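Peer 1: First, the structure itself, so that you have it in front of you.
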Amino acid sequence: MNIAAHPKPDLALKPILQIEDLCVEFRTTRGLVRAVQNVSYEVHPGEMVAIVGESGSGKSVSALAIMGLLPPKTTRIPKGRVMFDGEDLLTRSKTQMQRIRGRHIGMIFQEPMTSLNPVLTIGDQLCEPLRIHLGMDKEAQHARAVELLGLVGISDAARRLTQYPHEFSGGMRQRVMIAIGLACNPKLLIADEPTTALDVTIQAQILELMKKLSRELGIAMIVITHNLGVVARYADRVNVMYAAQIAEKAEALPLFCAPLHPYTAGLLRAVPRLDQGREARLATIDGLPPDLMNPPTGCRFADRCPARIDACAKMPELREINPGHLSACHRAEEMNGPLRDGLYPLYKAQAAEAEAEGRVEGKNALEVDGLTMNFHVKIGRNPLSRKKAVVKAVDDVSFSIEAGRTLGLVGESGCGKTTVGRSILRLLKPTAGAVNFEGQNIARLPESDLTSMRKNMQVIFQDPFASLNPRMTVGQIIAEPMMVRKLVPDTMAARRRVGELLGDVGLPLYMSERYPHQLSGGQRQRVGIARALAMEPSTIICDEPVSALDVSVQAQIINLLEELQERLGITYLFIAHDLAVVRHISHRVGVMYLGRMMEIAESEALFADPLHPYTQALMDAAPIPDVELERHRAPRALKGEIPSPLDPPPGCVFSTRCPLATEECRQTVPQLREVRPGHRVACLKIEETAP
Amino acid sequence: MMWYVIRRFALAIPTLIGVAIITFFLLRVLPGDIVEIKLRGDGGDVSEAALAAERARLGLDQPLLVQFADWMTGLATFDLGTSLWTGERVAHEIAIRLPLSLEVAILSTILAILIAFPLGTLAAVFRGTIIDYVVRIITIGGLAVPPFWLGMLMIVGLITWFDWLPALGFVPLFTDPVKNLSQLIWPALSVGYRYSSVVARMLRSTILEVLEEDYIRTARAKGVTERMVVAKHAMRNALLPAITVLGLEFAFLIGGLVVTEQVFSLNGIGLLFVESVLHNDFTMIQGLVMVVATGFVLINLMVDVLYALLDPRIRYE
Amino acid sequence: MSDVQTLPNLTRRGHFFSALGDFFVKQPLGAAGGVVILGMFLAALFAEWVAPYNPTQIDFLARLVPPSPAHVMGTDGFGRDIFSRVIYGARTAMTVGFIAAIVGTSLGAIVGVFSAFMGGWVDLAIQRVIDVLLSFPIIVMALIVVAIVPRTELFGVDINVIIAIAIPFIPKVARVIRSAALAIVTMPYIDATRAAGFTKTRIMFRHIMPNVVAPYLIMLTALLGQAILLEASLSFLGLGVSEPTPAWGLMLSGTNADYYREAWWVIFFPGLAISLTVFGFNLFGDSLRDWLDPRLKV
């Protein structure tokens, strides 16, 4: 379904929702947080408006304020109006708001796994708004509920209604949430990060669904997200929020092609794009967002802004620069010209050139051969039965990484990529296969023989908050490995080395006295990198190191990792689910699905010409932050759900969802074979061709 | 679901076996020689022969493992042995006293449910208000006030103001319900205060936790009134841990009874327990501990089943 | 994203006092509890100076005197001043209670952390043992221990009573600390220590233990109250500390309390002392938990 085929909403119609000059404050134990300041935007019937921002920008708070769902005791709304259908929602009483919520305005949230009541049936929860708002009787409720489930693409509706949430997958639960949101035919649907917690292919399904429903039913939609690709693909108009204010407002195309605010321009340059490879170093926005308890008096973006001038000490107003395109920047007019291009130059990494020229076939730093990791899970309810199911978390995976290069491992949830990482690190003992590192097979070595490997292979984790011991200072965290493994002669030397490492990762020296909870997410991740570097490893396993970070911080960390690789020659195994990030940082990429390696090739080759249908589906599903490109793509949302690892499909594990699958695929397990030089695919349907 | 129950049951058996083993061996380590204490009791001389004869009669001269085997086989047939002090069958002694303790325990439970559920819910719903503070103080008091002291104060109060005297004999429930209840309501209350406090606190904190969950936010977003949010969406989830605690604490009631029966001169198993300890009657102690532990395990089993009935995730696993 | 108040680092002097101040302001009830505890503590410490009479001094001429200026809380059946006995009773309660609670909680914590960290069959075995031990109500377990361990006295303190109280606490604490430790063991920073090749001992003591301090403290304060209550119950039954040691529970039992139906003060004040003290501990512990992490359920 090509978006271009959908008629654009008529903006001449009066907006269904108009927020005027909204201010929201929270009283916290540490002070007053001004979460939303002077925010105004509107939504017309049938259009999809995106609110984009990073964490702390206030985007969710403004939506919760519309719904009246902010905690009453600590929230103050000193200013503003929320005009919905002619009435100011902020002046409505509690009872009146209860009648509006769920009836005229629906909302769906980020976490489908926890947003449904586990002890009530789906039918009960779906019919609830029908009962309380529309007063339908039992029969009418049932009929409408079946209709709604059909609308959101859930088959076998009658049976599903009697089931409980835990019997539904994440994607299906989100569909149910959409059905609940649409139950009473609302005029407005608010979606707060509706697909962030879902897998890429499922994300695409859900977003397609939402866009389709919005157009067909004429429902206005607000989508809150930090994902610029999603915005480019689906939004009609966009509001960019920064530090509780709106920085820029425009229709999607002009915003992406010609942003008029340095922050937007920076974001667009900082996001890794699926259609750009390693050659472009990501632009970074230095620094951190301001503290909302003591925001600066002038432009809030000023001290991170490369276009800063003296005038920025005064708060800029949101002004219309081009028709329908507003920006809160003193230099917005200049952005139309060469200023924008000069702000965040895309520079080629010098090493990339050196790489292209002088790269010799290096030694393999890590070789994995037939790695298999099985988990035994008791199934069946009979307590006396000894039957155990085997979950093949990793099934016969092989790859190798050359010294000083990066292998990206990508896939959706349950594909086994994290388990591969943990097996290689020997946090788990592989069931079978070999892991050759530094001349030995460490796969089955006893723990006592792993000391050398435990120095030369290190790890960086995904969750910056949980990867540092909250009771130790940064300095202690980084120094500990050195001291315990006796890599430094004494404490003085350790302290010196800590200082060096902090410098390497771009943190100031005084950070060593701080505790993790005093640092931001990006800073914690840098500490994690410094800790890994403390052992001077040759190889680092990076387990989703940037997934939990904001876009602007992501770019900083990615650049840091690349720089460290160039300087120190470290080998990376980079595990991630975001294709664009993987493309950007990896030399070679492997795609996994349900424990098996589907395709592995040099990064450029893979992205230029993906051969495996799953890889193609992944790339289709991942939106690119470029409106023009997206308009001309026909997203082929992959049908179906990811099968349960407890019950994998026979033959090729992808056969249940593959558009090319035949009977042969369901019977034979395809092996990885080299279809082009250096490009291996596990698919029976791909012919070997000359490059 | 059935398998779930069976599985739970199967788990209980090793626990009970463990209890039996521990109880047996622990008590055989008792320093006092019960035979000596019993026969020499008030001074006076007893010959070695008499001591040996008594030991043989009580089966104490057998090797330890034989005694253990006797004990375990006895358990299987509900034969808990013979009291080393009174000479009566342990099972009999316990059986005549158990109904009393059980009744007090059940009365306490009913009282606790009647008090704890409204209190806990109110405190949670009106969190931070004066109602919450009052309930919290009352319930913390329940954890702090010794049940036996409360019982004593009750007796003093009843005597002073109502000319009430504690009964001399126990009147069974079905013989004369009014008299029976008028006797047992007081110990039930003094033990019940603590019981209901624990449950009320648990309920309060569980409800508060549940109210922070995402699905409550969804319910509010649907326009469900706050009353329904609490009554329908929150309570059903909050009840589950509260019921678990109700079950756990019931078993500990037996412990509370130990001291309360003393105060109210109730001839229940609590009193029996204390006497057995004082007399080093380890057969009786063993028997009592087994009964209490078994009761505890059974109660927990019932709680688990109830939990499964209420929580579909377990029911349909 | 955690907005939980992490346990402040109390090893620096500035931090300690500011944390204290923060606690007092945010948790007035807890502060009240703290005051009560402090009061009892001081009474116990300075009993010699606070108590007007010798607690064991018998005076048959002043038997069962109601509360009056000479005897603020009256006298008991032997003519002993109740107020003084209550003050000295605080000493027994505090000593026995504190030691028992600290020993029980600490041992329980070590077992809990060990079990969680070792995992596998070690964990399962320990769990089963804990299950069995938890099948005994606390007082039953205490009674059994009392029955077994002969009466020993060390520095005027009844060790057997302390052991009898500490032992039932161990499985209770072990279970709670084990859950807390389990959550920590799955944290990436523990994975990082394993990837760096640290020894098991180091990981347990340097990385896991310090992070269970919060639940440890909370259990400790909760069990302090329980310990005092348990000591009182044991003494009441005649199985705890014995005469002539002044102990609140003792004051409520046997010959001491024989005449309570006529002389209500004989039991009222000792019982009140118990209630107040445990109340204070519980208030404090509750507020401590609320302040540290309201989600920590104990």
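The values are calculated or read from the model by the stated rules, or taken from the named source; none is laboratory data. Computed from a prediction, not measured in an experiment: that's the story for all the values here. All Cβ positions, glycine included, derive from the backbone under ideal geometry; neighbour counts span all protein chains shown.
Peer 1: What are the residues in the stretch C:114-130 that are over 15 Å from C:LYS172 (Cβ atoms) and buried (at least 23 other Cβ atoms within 10 Å of the Cβ), if any?
Peer 2: Hit for the stretch C:114-130 is C:ALA116, nothing else.
Peer 1: Give me the pairs, please: first residue somewhere in the stretch A:632-651 and surrounded by fewer than 12 Cβ atoms within 10 Å (Cβ to Cβ), second residue anywhere and modelled with pLDDT under 80 and in a loop (DSSP other than H, G, I, E, B), beta-carbon distance under 6 Å, and either six or more positions apart or on two chains.
Peer 2: A:ALA634/A:ASN2
Peer 1: Shifting gears a bit: What strands (runs of 3 or more DSSP E) lie completely within the stretch A:391-463 and have 1 or more residues being surrounded by fewer than 23 Cβ atoms within 10 Å (Cβ to Cβ)?
Peer 2: Here the list reads A:432-437.
Peer 1: When the residues of the stretch A:37-76 are filtered to those that are β-branched (Val, Ile, Thr) and in a helix (DSSP H, G or I), which remaining residue is nearest to the chain's Cα centre (by Cα)?
Peer 2: So the residue we want is A:VAL61.
Peer 1: Here's something else I'd like to know. Among all residue pairs at least 6 apart or on different chains, which show Cβ distances below 6 Å where the first residue, located in the stretch C:258-275, is more than 7 Å from chain B (Cβ to nearest Cβ) and the second is assigned to a helix (DSSP H, G or I) and modelled with pLDDT of 90 or more?
Peer 2: Matching pairs, first to second residue: none at all.
Peer 1: Return yes or no: is A:LEU126 within 26 Å of A:ALA65 (Cα to Cα), out of contact with any His (no Cβ under 8 Å at 6 or more places or on another chain) and within 14 Å of another protein chain (Cβ to nearest Cβ)?
Peer 2: yes
Peer 1: Considering only the stretch B:108-161, state which residues are at the interface with chain C (Cβ under 8 Å from one of its Cβ atoms), in a loop (DSSP other than H, G, I, E, B) and modelled with pLDDT under 90.
Peer 2: B:PRO146
Peer 1: Give the stretch A:82-97 a look and list any residue that's more than 12 Å from chain B (Cβ to nearest Cβ) and of a type outside the set (D, E, K, R), or say none.
Peer 2: Listed by number, the residues that qualify are A:VAL82, A:MET83, A:PHE84, A:GLY86, A:LEU89, A:LEU90, A:THR91, A:SER93.
Peer 1: Would you mind stating whether A:ARG496 is in a helix (DSSP H, G or I), crowded, with 19+ Cβ neighbours inside 10 Å and among the basic types (Lys, Arg)?
Peer 2: Details: in a helix (DSSP H, G or I): yes; crowded, with 19+ Cβ neighbours inside 10 Å: no; among the basic types (Lys, Arg): yes.
Considered against the rule, which asks whether it is in a helix (DSSP H, G or I), crowded, with 19+ Cβ neighbours inside 10 Å and among the basic types (Lys, Arg), A:ARG496 comes out as no.
Peer 1: Now a separate question. Collect the residues in the stretch B:243-261 that are at the interface with chain C (Cβ under 10 Å from one of its Cβ atoms) and surrounded by fewer than 21 Cβ atoms within 10 Å (Cβ to Cβ), keeping them in residue-number order.
Peer 2: Scanning the stretch B:243-261 gives B:LEU248, B:PHE252.
Peer 1: On the given criteria, is B:ALA293 more than 23 Å from the chain's Cα centre (by Cα) and aliphatic (A, V, I, L, M)?
Peer 2: So B:ALA293 fails the test.
Peer 1: Sticking with this one: State yes or no: is A:VAL459 more than 9 Å from chain C (Cβ to nearest Cβ) and closer than 30 Å to A:GLN518 by Cα?
Peer 2: In short, no.
Peer 1: Quick one: which helices (runs of 4 or more DSSP H) lie wholly within the stretch C:146-245 and hold at least 2 residues that are over 15 Å from C:PHE98 (Cβ atoms), at the interface with another protein chain (Cβ under 8 Å from one of its Cβ atoms) and out of contact with any helix residue (DSSP H, G or I) (no Cβ under 7 Å at 6 or more places or on another chain)?
Peer 2: C:188-195
Peer 1: List pairs: first in the stretch A:28-42 and at pLDDT 90 or above, second among the basic types (Lys, Arg), Cβ under 8 Å, 6+ apart or cross-chain?
Peer 2: A:ASN38/A:LYS79; A:TYR41/A:LYS249
Peer 1: Please tell me if C:THR95 is buried (at least 20 other Cβ atoms within 10 Å of the Cβ) and either polar (S, T, N, Q) or touching a residue at least 24 places away in the same chain (Cβ under 8 Å) (or both).
Peer 2: In short, no.
Peer 1: Within the stretch C:130-145, which residues are part of a helix (DSSP H, G or I) and in contact (Cβ under 8 Å) with a residue 24 or more places away in the chain? Walk me through it before giving the result.
Peer 2: Start the filter on the stretch C:130-145 by keeping residues that are part of a helix (DSSP H, G or I), which leaves C:130-134, C:138-145.
C:ILE130, C:LEU133, C:LEU134, C:ILE138, C:ILE139, C:MET141, C:ALA142, C:LEU143, listed by residue number.
Peer 1: Go through the residues of the stretch B:134-142 one by one and say whether even a single one is among the hydrophobic types (A, V, I, L, M, F, W, C) and either farther than 24 Å from C:LEU223 by Cα or in contact with a Cys (Cβ under 8 Å, 6 or more places away or on another chain) (or both).
Peer 2: No, the stretch B:134-142 contains no residue that is among the hydrophobic types (A, V, I, L, M, F, W, C) and either farther than 24 Å from C:LEU223 by Cα or in contact with a Cys (Cβ under 8 Å, 6 or more places away or on another chain) (or both).
Peer 1: Got a sec? Which of B:VAL198, B:VAL224 is outside any helix (DSSP H, G or I), more than 10 Å from chain C (Cβ to nearest Cβ) and of a type outside the set (Gly, Ala, Ser)?
Peer 2: Just one listed residue meets the conditions, B:VAL224.
Peer 1: Among the residues of the stretch A:97-132, how many are under 28 Å from B:ASN237 (Cα atoms) and touching a strand residue (DSSP E or B) at 6+ places or on another chain (Cβ under 9 Å)?
Peer 2: Residues that pass the stated criteria total 10.
Peer 1: Pick from B:THR15, B:THR77: which is at pLDDT 75 or above and surrounded by 19 or more Cβ atoms within 10 Å (Cβ to Cβ)?
Peer 2: Every option except B:THR15 fails the conditions.
Peer 1: Give B:ILE285, B:ILE314 a once-over and let me know the one that is over 21 Å from B:GLU103 (Cβ atoms), assigned to a helix (DSSP H, G or I), touching a helix residue (DSSP H, G or I) at 6+ places or on another chain (Cβ under 8 Å) and facing chain C (nearest Cβ under 9 Å).
Peer 2: On the way: B:ILE314 fails: facing chain C (nearest Cβ under 9 Å).
Answer to the selection: B:ILE285.
Peer 1: OK, next. Taking only the stretch A:168-199 into account, find how many residues are more than 12 Å from A:ILE108 (Cβ to Cβ) and assigned to a helix (DSSP H, G or I).
Peer 2: Of the residues in the stretch A:168-199, 3 are more than 12 Å from A:ILE108 (Cβ to Cβ) and assigned to a helix (DSSP H, G or I).
Peer 1: Name every residue in the stretch A:98-116 that is among the polar types (S, T, N, Q) and at the interface with chain B (Cβ under 7 Å from one of its Cβ atoms), in order of residue number.
Peer 2: A:GLN98, A:THR114, A:SER115, listed by residue number.
Peer 1: Residues that are more than 11 Å from chain C (Cβ to nearest Cβ) and within 24 Å of A:LEU198 (Cα to Cα): does the stretch A:468-487 have at least one?
Peer 2: no
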